Amino acid sequence: MTEIRNRKIPMDDFMKLRQVVLGQWPTGKDVDLDEAFAYQKAIPEAKRFSRKLSLAKKNGDTLIQPRAGVPLIEEHIKLLNYLEDKGEADLLPTTIDSYTRLNRYEEAELGIRESARLGKAMLNGFPGVNHGVSGCRQVTQATKVPVQVRHGTPDARLLAEITLAGGFTSYEGGGISYNIPYAKSVSLERTMTDWMYVDRLVGLYEENGISINREPFGPLTGTLVPPCISHAVAVIEALVAAEQGVKNITVGYGQLGNLLQDVAAIKTLDIITNEYLKKYGYDGVDVTTVLHQWMGGFPQDEAKAFGVISWGSAAAALSHATKVIVKTPHEAMGVPTMEANAQGLRCTKQVISMLRDQSLPDDGALTEEMDIILQETRLIVDKCFELGGGDIAAGAVRAFQAGVLDVPFAPSRFNAGKILPARDNNGAVRLLETAALPLTDALKKWNRDKIALRAKAEKRDISFQMVIDDIYAISKGRLVGRPR
């Protein structure tokens, strides 16, 4: 495969490739772009994802959105209607099943049949490709609020074609964020190329007067990911999407648990994404933010789980994230009931409503935290540009090869996996081991000194055991994994 470049795909090349993509499964033949454009244009503005996000940002609101997806159309509609009515969801998802994420459509088809035969879900999501354009339209027509496709697919091209034609107005994922945390042996060149196709498709909708929201997956592995790492990936995926014509981007971040750091992270994510888009000439891109409530282990006790959900809600409200992805009190037990899902939503809405007019006071600590995140992120992104000779796509691939970009605890063999995060004495995530990250000596020392203060307080040496303790801490009722 030739080296990837961040260049807009020529229309002739794109259209030739479309025939191959649409031929991957029989439902692809039902996608007609001109008809899809006309269908999307007829969708009421109140059900357009990008419009609702833009209004929320303008008004200072934080919208709530769950995760949800079941295999049968009727049951999926029932679930979404329940979440928008009883859960008071502002935005809705359609979470795609694991077979579809791996492009295993035959097995997804079997899952649909078995679900219908047994009367219970035999897939862990909605198989959008198998249900096709007409099935997707049944879903998107049945709700009062906008619906987004959420998945985890390295090659999401056919899914994008079908679901966008099916009336979904937002599409999640990216060539890095839906590879490194999800796949073991898929190359970055492959996934970034495939996701350029998705963004080119979204760009075509934009060119035809239809705003489609795009959301790179912010939390990555969801396990102690330092803000500078997730921010760098978000900036890169935003730049690559903008090159293909995307105009509405939601960049994300996974809650880490220290309120000051989480607020600083959301604020800087908005700042730095806009900064790089403008710096490289991508004007007119509307940027919004999303905070994902705690992505790690949850307590099994439902009351304690609500405590974790409430803390994530507070972080979203005080950081003024445009939206928050909500967890459920059944998080530790598997797929939640729709009742539990709605409870998580209502809990989140209550906390956000109470904190709507409040801000986190800044005694200098918030400014310092923001400054550190911005410094670290700029060093990583600028090094990616340097490695790519000015091309961010080529630079991202080379950065992962060199360990300049390194996601903790990722399964991908294309990820170095050499950095180690750990919490400091206040629970903020710092870098215990920076490996090949292009940080200055001063920033490396700053991180190390923060962890050293914790080690002193705990009367133990800095070690890998801290990392292990921190991974399991919240599920055991704490934030910092202190020895007991």
In debye to the nearest 20, how big a dipole does the stretch 390-484 give about its Cα centre with +1 on each Lys and Arg Cβ and -1 on each Asp and Glu Cβ?
420
Size of the dipole of the stretch 311-393 about the Cα centre, Lys and Arg at +1 and Asp and Glu at -1 on the beta carbon, nothing else charged, in debye to 20?
600
Expressed in whole Å with the largest first, what are the equivalent ellipsoid semi-axes of the chain derived from the C-alpha gyration tensor as the square root of 5 times each eigenvalue?
34, 27, 21
Test of the criteria: in the stretch 92-143, which trypsin sites (Lys or Arg not before Pro) are in a DSSP loop and have at most 16 other Cβ atoms within 10 angstrom of their Cβ?
ARG104, LYS120
Which of LYS58/LYS304; LYS52/LYS247; LYS418/LYS444; LYS86/LYS327; LYS52/LYS304; LYS323/LYS349 exceed 22 Å between C-alpha atoms? The answer is LYS58/LYS304; LYS52/LYS304
With bins of 5 Å, the percent of all Cα-Cα pairs of the stretch 369-484 per bin from 0 is 2, 12, 19, 20, 18, 14, 8, 5, 2, 0, 0
Please list ASP424, ASP12, ASP382 in order of solvent-accessible area, largest first, computed with a 1.4 Å probe with all protein chains present.
ASP12, ASP382, ASP424
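Within the chain, what whole-number % of the accessible surface is contributed by carbon and sulfur, with the 1.4 Å probe and all protein chains included in the calculation?
About 52 percent, which is the carbon plus sulfur part of the accessible surface.
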Helix 128-141 vs. the chain, principal-axis angle (Cα, 0 to 90°, nearest 10):
90
Given a 1.4 Å probe, the accessible area of the chain per residue, as a whole number of Å², is 38
Note on the chain, DSSP bridge orientation, antiparallel percent to nearest 5 equals 15
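Looking only at Cα atoms, what is the convex hull volume of the stretch 220-261 per residue, in Å³?
So the per-residue hull volume is 71 Å³.
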How would you classify the stretch 129-193 from its alpha-carbon gyration tensor, with a ≥ b ≥ c the square roots of the eigenvalues: rounded for a/c under 1.5, else prolate if a/b is greater than b/c, otherwise oblate?
prolate
Put +1 on the Cβ of every Lys and Arg and -1 on every Asp and Glu Cβ in the chain; which of LEU204, ALA442, LEU479 then has its Cα farthest towards the positive end of the dipole?
LEU479
For GLY254, the residues 5 or more places away or on another chain with a placed amide H closer than 5 Å to its own amide H are HIS292
Debye, to nearest 20: dipole size of the stretch 101-225, +1 on Lys, Arg Cβ, -1 on Asp, Glu Cβ
400
Would you list, by chain and number, the aspartates and glutamates whose Cα falls below 20 Å from the Cα of LYS383, excluding same-chain residues fewer than 8 positions away?
GLU3, GLU189, GLU237, GLU243, GLU275, ASP371, ASP391, ASP406, GLU433, ASP441
Going by accessible area, probe 1.4 Å, with all protein chains left in place, what is the ranking of LEU453, LEU269, largest first?
LEU453, LEU269
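The values are calculated or read from the model by the stated rules, or taken from the named source; none is laboratory data. From a predicted model like this one, the values you see are computed outputs, not experimental measurements. With ideal geometry, Cβ positions are generated from the backbone for all residues, glycine too; neighbour counts draw on all protein chains shown. Surface accessibility is based on the protein's heavy atoms, side chains included, excluding ligands, DNA and RNA. Shrake-Rupley method; radii C 1.70, N 1.55, O 1.52, S 1.80 Å.
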